[in-house]
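Asks: Encoded as structure tokens, here's the structure I'll be asking about.
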């Protein structure tokens, strides 16, 4: 998958002090940066890459547009950021993030590229606010052919790609108590669903779960998947370790996805039982000055929702700066919002 060209508001080096630091360049981070730009707040977005939808053929369900390739989606978002001169984007990794006070965070950043003139050397950036949009990382099946098929006819999200499986026979890979329910979701689209349990010795599901699958005509096959058979876009099925061929034209998997929450933990943000960040209605975490958006916040993981939570975080972050001194290259901060009370009658 070709990465989109790195955008930037200018060719100047990133500032060493900003109003807002955004960690993560997926839909949530880009949306937050867009709204901080609209509020004319000095913003640095650091993008480590590896967004989970880069392998998808198309990104679906975005209001007002047809399905877009990841390259098209990100190129359009990056182009939009260029309209805001107070926003900079940097390819790199935030390796360390510390909180020195409610209004002062220091990030250690390793840019993605280095050169002989010193560009790309590790740098420190001080920010008044932080937005974490670091997302999650999916565990992929250990299957021959996964690199060629993932995003074409092998998927992890029924809501995102279930419609592409309409009226087809779908194979579900995964073990665990949640898998039968996950497989039943696909019946919204698929004509048939079969589960491969990824186990040929220990029972993956109990009798009640198998009975529930039977009620919905979901076949359960005990075995370990080894190989995707067929060309990308023309999948024939999955071959098991014992040589058995399970036919199907689509594969969905549900193993584990791991929230990228190391920076949040280091800051002391409250983490829920699923590893996501706990936030309030303004996307504010339990740590003053730190917001979170996108898949790192537990909930439905869809691009439109990531865009929405990113917008909420960006606006809340920007308006929280009213009455505060801001970075030198932006307009003076507005006065704090006044609270009016009803006069006694």
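Asks: For 95, 184, 31, which order do you get if you count the other beta carbons within 10 Å of each Cβ and list the fewest first?
Replies: 95, 184, 31
Asks: Determine, for 123, 245, the number of other Cβ atoms within 10 Å of each Cβ, and report the residues in order from fewest to most. Before the final figure, lay out the partial values.
Replies: Working: 123 16, 245 12.
Ascending number of Cβ neighbours within 10 Å: 245, 123.
Asks: Where does each of 221, 46, 287, 215 land when they are ranked from fewest to most other beta-carbon atoms within 10 angstrom?
Replies: Working: 221 15, 46 24, 287 19, 215 9.
Least to most surrounded, the residues fall as 215, 221, 287, 46.
Asks: Taking the 0 to 90 degree range and rounding to the nearest ten, how far is the long axis of helix 70-81 tilted relative to the main principal axis of the chain, both from C-alpha atoms?
Replies: Relative to the chain, helix 70-81 is tipped by roughly 10 degrees.
Asks: Classify the stretch 140-253: rounded, prolate or oblate, from the alpha-carbon gyration tensor (a ≥ b ≥ c, eigenvalue square roots; a/c under 1.5 rounded; otherwise prolate if a/b is larger than b/c)?
Replies: Working: a/c = 1.78, a/b = 1.17, b/c = 1.52.
The shape class here is oblate.
Asks: Please give the helix 303-319 orientation as an angle from the longest Cα principal axis of the chain, in degrees from 0 to 90, rounded to the nearest 10.
Replies: For helix 303-319, the angle is close to 20 degrees.
Asks: With Kirkwood's inverse mean 1/r over C-alpha pairs for Rh, give me the Rg to Rh ratio of the chain, two decimals please.
Replies: Numbers: Rg = 23.0 Å, Rh = 21.9 Å.
On the Cα set of the chain, Rg over Rh gives 1.05.
Asks: Please build a GNM for the chain, connecting alpha carbons under 10 Å apart, and tell me which residue among 127, 159, 32 fluctuates the most.
Replies: Fluctuation is largest for 159.
Asks: Out of all DSSP beta bridges with both ends in the chain, state the antiparallel percent to the nearest 5.
Replies: Details: 28 of 62 bridges.
Of the beta bridges lying entirely in the chain, close to 45 percent run antiparallel.
Asks: Specify the inter-centroid distance of the stretch 244-265 and the stretch 50-68, based on alpha-carbon positions, in whole Å.
Replies: Going from one Cα centre to the other spans 18 Å.
The numbers here are math on the coordinates, done by the rules we state, and not lab data. Values in this document were obtained by computation on a predicted structure and should not be read as measured data. We place every Cβ from the backbone using ideal geometry, glycine too, and count neighbours over all the protein chains shown.
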